[in-house]
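What follows is a single structure, written as structure tokens, with notes after it.
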Amino acid sequence: MIAESAMADEAMVVATAQPDPLEIAVREHSLLVYRISYSVLGDRAEADDATQETFLRALRYGKKFERIQNPKAWLARVAWRVAVERRNHRQTADAEVETNAHEIASRTTGAEQVLLEQERSVLLNALLAALPGTLRHPLILSSIEELSAREVADTLGISEAAVRSRAFRARQILKERLLSLMGDRK
């Protein structure tokens, strides 16, 4: 009877306990952290490792994590730094962009369509990779990862105006290069 009472008390404490802010952040922002890591590293396994490292750093941050005003932006910044660190320490970095971005969504998709989509993806990834990092990073974070200009600015340590300007310039360069490639094919 005493054991049952102790278990009931423990269950009551667990039921009334506030959810852990880090646990909530992991649930809400793990995909964002993974996508940022993948955008920098271009490798799924490396992105998985960088995602885990990001949340380990948040765990090490301890109780101070609860005081962070914008956990999404903070995690994005940490994810970006972790991924860049991993990329810089990778000794066998390959210049080619990973082409495994697409998975077949439907069995009804024809092989020609799948190959065409893969070619487009490879071309776009190559064009993105050819952009200078100062232009590529704001474009990826704002357009692909859908972070606000403020969040991108906080992540990269630049002003919001610089984020907008660099993303705009990156889009212009991509447009010019795509038009040039389309003109070459005619």
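Where a number appears in this text, it was derived from the coordinates with a stated rule and is not lab data. Small disclaimer: the values here were computed from a predicted structure and weren't measured. Cβ atoms come from the backbone with ideal geometry, glycine included; neighbour counts cover every protein chain shown.
Using the Cβ of F65 as centre and a radius below 12 Å, the other residues enclosed give a net charge of +2, where K and R count +1 and D and E count -1.
The residue list A161, N125, I140 was ranked by how far each Cα lies along the charge dipole of region 110-186 toward its positive end, using unit charges on Cβ atoms, and A161 comes out on top. Centroid-to-centroid, using Cα positions, region 21-97 and region 115-131 are 24 Å apart.
With a sphere of radius 14 Å drawn around the Cβ of L31, what net charge do the other residues whose Cβ falls strictly inside it have (Lys, Arg +1; Asp, Glu -1)? Neighbour charge sum, excluding L31 itself: 0. With R₀ set to 30 Å, the beta-carbon distance separating A161 from L59 gives a calculated FRET efficiency near 0.30.
Name the shape class, rounded, prolate or oblate, that the alpha-carbon gyration tensor gives for region 110-186, where a ≥ b ≥ c are the square roots of its eigenvalues, rounded holds for a/c under 1.5, and otherwise prolate holds if a/b is larger than b/c and oblate otherwise. Taking the square roots of the gyration eigenvalues as a ≥ b ≥ c, region 110-186 is prolate. Scoring 33-45, 152-164 by mean Cβ neighbours within 10 Å over their residues and listing the highest first yields 33-45, 152-164.
With a cut-off of 8 Å between alpha carbons and a minimum separation of six or more residues, what is the relative contact order of region 110-186 in percent?
On the way: 41 pairs, mean separation 21.7, N = 77.
Reported relative contact order: 28 percent.
The length gained on full extension between L116 and N88, counted as 0.36 nm times the residue separation minus their Cα-Cα distance, comes to 6.8 nm.
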